[in-house]
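> Below: one structure in structure tokens.
The values are calculated or read from the model by the stated rules, or taken from the named source; none is laboratory data. Just so it is clear, the model here is predicted, and its values are computed rather than measured. Methodologically, a virtual Cβ is constructed for each residue, glycine included, from the backbone with ideal geometry; neighbour enumeration extends over all protein chains shown.
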Amino acid sequence: MSGQDDLGYTMLHLAIQMGESLQIINHDPLDLDKRQLSTEMVKSIQRTAWGLFQADTVVHTNFLRPSRVNSVAVDRIDRNESGPDDTWSPYPVEMQARPSYLSQYFDESCHLSSLARDISRHLYQSPVRSPRPRGRKDELYATLRQWERKLPPEFDADREPPPHILLLRMRYNSLLIGLARDGFGVQSLLSGSDEQRQTMDETSRAISLTAAQAISALARLHRRLYGMERAHQFATYAIVLGLFTMLDHPSFDILDPDFLSLTSGFSIIASRSQVGRYLFHIFRQSVRSRHQDERILQSDQVSDEVKELFGRHPRSQVPDRWSDYAQGLERYHSSFLGDSHDYAASDVRDMLEKYERLSLGREDSFEGRNDLPKP
């Protein structure tokens, strides 16, 4: 969030090293009952181990890399630890408290992280190191959809749950987009007809677009219930992924209400961090490269606020509030592969490479490194 080069991967790698040295991840199962630990300490170890697993799968799956944490050596916390009297309320806004479902959320998030680990290792592991079995992508998709269908009724967006549950659903849809990228069943269709390949491409694009629209709906609900000013940082990732998925679609329409709604939400959350400001500048330049922004300015159905987001309001002769978002971005230019001078991202993958570089550095630089701090 502060824009420090490589700090994100440095801290994550150090945390994984520490977890391995404590034998709570990537290790044979541990029986904590034999260690004469207090109940509070056992719960702390469980939350730490599974929390690290979640952080690892979120970061690596987000940026198209295989997860580094393969397994967790301790049991998860009790799914029913949170009772009906456990509530959540936003701070510092005064709102009525509502059930937190925190332990149920944590359990479902762990389950989703296991799916994310499998997806990341299937999609992003080198085929030389890990051959990709045919049909595996379709199996992962079916399993992911099944996970969503089995969520508790209290997790339905219509019931206006706490924001961490809305973010869990955003993460599910982000995984759908990642899984659908590049089509389904490609390996089994290598000898298929062009028509078959086209059908698969259309199916994957439809899945991705539907997931991006779902992210837009969740972001609207989050904004209406809790605002976007204090949204979790993952919301930035999900929103950016949804926006660029829409931009990439062959039928992209800049006047699409889902796109405009998500753009408006992004403008709020982006202002909180340097990385967010850089990403917003990249997004605006990417929209302009599609040559549809004039339709925004000419539309009577679009508010002046939304028109201003694209920085070309005809009545404005002075720099807008986002004009300084690109200051400092030039130092990354040489590390943006194939980048044009205006920083526009050519597609989702290009955007993710830029996002990774701005927020975490490049994990490639850590392969074979021995200079990380020892735990």
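> Quick one: which residue in Val69, Val42 is buried (at least 17 other Cβ atoms within 10 Å of the Cβ) and not hydroxyl-bearing (Ser, Thr, Tyr)?
Val69
> Let me ask another. Going by what's in this entry, would Val306 be described as assigned to a helix (DSSP H, G or I), surrounded by 14 or more Cβ atoms within 10 Å (Cβ to Cβ), modelled with pLDDT under 85 and of a type in the set (A, V, I, L, M)?
Yes; evaluated as a whole, the condition is true for this residue.
> Looking at Leu176, Leu144, Leu151, Leu168, which one is part of a loop (DSSP other than H, G, I, E, B), at pLDDT 95 or above, under 28 Å from Gln233 (Cβ atoms) and of a type in the set (A, V, I, L, M)?
Step by step, each of Leu176, Leu144, Leu151, Leu168 is checked, and only Leu151 is part of a loop (DSSP other than H, G, I, E, B), at pLDDT 95 or above, under 28 Å from Gln233 (Cβ atoms) and of a type in the set (A, V, I, L, M).
> A follow-up question, please. State which residue is farthest from the chain's Cα centre (by Cα) when the search covers only region 241-252 and only residues that are assigned to a helix (DSSP H, G or I) and farther than 19 Å from Ile296 by Cβ.
Selected residue: Thr245.
> In region 50-100, what residues are aromatic (Phe, Trp, Tyr) and modelled with pLDDT under 95?
Phe63, Trp88, Tyr91
> Quick one: would you say Tyr343 is among the aromatic types (Phe, Trp, Tyr), surrounded by 12 or more Cβ atoms within 10 Å (Cβ to Cβ), in a loop (DSSP other than H, G, I, E, B) and modelled with pLDDT of 65 or more?
Numbers: among the aromatic types (Phe, Trp, Tyr): yes; surrounded by 12 or more Cβ atoms within 10 Å (Cβ to Cβ): yes; in a loop (DSSP other than H, G, I, E, B): yes; modelled with pLDDT of 65 or more: yes.
Against the criterion (among the aromatic types (Phe, Trp, Tyr), surrounded by 12 or more Cβ atoms within 10 Å (Cβ to Cβ), in a loop (DSSP other than H, G, I, E, B) and modelled with pLDDT of 65 or more), Tyr343 qualifies.
> Only residues in region 285-303 that are farther than 11 Å from Asp253 by Cα and in the same structural domain as Ala344 (by the TED database) count as the first member; pair them with residues that are β-branched (Val, Ile, Thr) and surrounded by 13 or more Cβ atoms within 10 Å (Cβ to Cβ), Cβ under 7 angstrom, at least 6 apart or cross-chain, and list the lot.
Val302/Ile296
> Mind checking whether some residue in region 84-95 is of a type outside the set (S, T, N, Q), without any contact (Cβ under 8 Å) to a residue 24 or more places away in the chain and within 30 Å of Leu360 (Cα to Cα)?
Looking through region 84-95, at least one residue is of a type outside the set (S, T, N, Q), without any contact (Cβ under 8 Å) to a residue 24 or more places away in the chain and within 30 Å of Leu360 (Cα to Cα).
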